[in-house]
1. Exactly one of these conditions fails for I99: (1) closer than 14 Å to I22 by Cβ; (2) touching a strand residue (DSSP E or B) at 6+ places or on another chain (Cβ under 6 Å). Give me its number.
2. V45: modelled with pLDDT of 95 or more and within 21 Å of K94 (Cβ to Cβ), yes or no?
3. Take the range 78-99 and flag every residue that is polar (S, T, N, Q) and closer than 12 Å to S49 by Cβ.
4. Just for the range 105-158: of the residues that are farther than 30 Å from L37 by Cα and of a type in the set (S, T, N, Q), which one is surrounded by the most Cβ atoms within 10 Å (Cβ to Cβ)?
5. Are any residues in the range 102-125 polar (S, T, N, Q) and out of contact with any strand residue (DSSP E or B) (no Cβ under 8 Å at 6 or more places or on another chain), and if so, which ones?
6. For residues that are part of a strand (DSSP E or B) and at pLDDT 95 or above, scanning just the range 49-64, find the one that is surrounded by the most Cβ atoms within 10 Å (Cβ to Cβ).
7. Suppose we keep only residues that are in a strand (DSSP E or B) and of a type in the set (S, T, N, Q) within the range 74-105. Which one would you say is modelled with the highest pLDDT?
Amino acid sequence: MPLYARKVSTASELEFFLQGGIRGDEVLNNSTYVFGLYGLVGKTVTFQSPGGAVTFSQGAYKDGFLTFVEIKKQIETAIPTVLVSLCGMSIAIKGRSNIPVSIGSSSAEEGRTLLGFDGGAGGYVSGKVYNAPGGALPRLISVVPSPAHDDFVVITEA
């Protein structure tokens, strides 16, 4: 089976990755020191795992700006089996109990693009829950600090 290497910055990011979480591109804006996005209101984002969808509604700002807290609340309310967090300037989503997250659908969704994920028709971004070394595939092989000791290199087998 093939081996894969991935670099992660923190132990929290490592744990998030191994537990099947997904992370979008850095898309959040900083509007007066409030992280969020413009353009999500009325847009739908479809999840394959755990199944469900969220259509974003107007938040406190009347100009269409949704704060990260509002985005988090709307996603977690629509799909209560996921946890949404902030990772740098990115939206990060993981399952509450070792459920790998998969976001996407057969049709294009601008909401996915705005959140930093593949928004094209047939665009999917999927996490994997990795088993312990020696366990069933997919599994963790090793974690080593990078030579500069500022991040980790994770070796997995799928």
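1. (2)
2. Working: modelled with pLDDT of 95 or more: yes; within 21 Å of K94 (Cβ to Cβ): yes.
When the stated conditions are applied, V45 passes them.
3. T81, N98
4. Checking each candidate, the answer is T156.
5. S106, S107, T113
6. V54
7. S102
One line per residue, one yes/no per condition, for (1) outside the structural domain of V45 (by TED's automatic domain parsing); (2) out of contact with any Phe, Trp or Tyr (no Cβ under 9 Å at 6 or more places or on another chain); (3) in a strand (DSSP E or B):
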| site | (1), (2), (3) |
| --- | --- |
| L66 | no, no, yes |
| K72 | no, yes, no |
| S107 | no, yes, no |
| G111 | no, no, no |
| G122 | no, yes, no |
| A136 | yes, yes, no |
| V143 | yes, no, yes |
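The values are calculated or read from the model by the stated rules, or taken from the named source; none is laboratory data. Quick caveat: nothing in here was measured; it's all calculated off a predicted structure. Reconstructed Cβ throughout: ideal geometry from the backbone, glycine too, with neighbour counts over all protein chains shown.
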